[in-house]
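Asker: One structure is given below, represented as structure tokens, and several questions about it will come after.
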């Protein structure tokens, strides 16, 4: 089974979203973001005061007030125990630079 997340259609949100393919334990690393960009747009994730990421998986992560993940630098960390098929979401206000 792949350790990378999967992008698939989210019926509830009528858009593409990011989901886990494996069991994840709270505080474990889900995946790492890469590809720096200085351009801020709707598909970037801010990982520092002036650093944004355009990532193949990260661009499909939705924000949530009850997120399943948090950002710590380039690491996406599980905030809860998750099962395969759970959506990976984050709250940008909880990002640790």
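Asker: Tally time: how many residues in the range 71-85 are crowded, with 17+ Cβ neighbours inside 10 Å and either outside any strand (DSSP E or B) or in contact with a helix residue (DSSP H, G or I) (Cβ under 9 Å, 6 or more places away or on another chain) (or both)?
Answerer: 4
Asker: If I go through the range 86-97 residue by residue, how many of them are farther than 18 Å from residue 34 by Cα and loosely packed, with under 14 Cβ neighbours inside 10 Å? So that I can check it myself, show each step before the final result.
Answerer: Going through the range 86-97, the residues farther than 18 Å from residue 34 by Cα turn out to be 86-87, 91, 93-94.
Now drop any that are not loosely packed, with under 14 Cβ neighbours inside 10 Å, which leaves 93-94.
Number of matching residues: 2.
Asker: Yes or no: residue 20 surrounded by 13 or more Cβ atoms within 10 Å (Cβ to Cβ), at pLDDT below 85 and within 14 Å of the chain's Cα centre (by Cα)?
Answerer: No, not satisfied.
Asker: If you check 40, 13, which single one turns out to be modelled with pLDDT under 85 and over 15 Å from residue 92 (Cβ atoms)?
Answerer: Answer to the selection: 13.
The values are calculated or read from the model by the stated rules, or taken from the named source; none is laboratory data. Source: prediction; values computed, not measured. With ideal geometry, Cβ positions are generated from the backbone for all residues, glycine too; neighbour counts draw on all protein chains shown.
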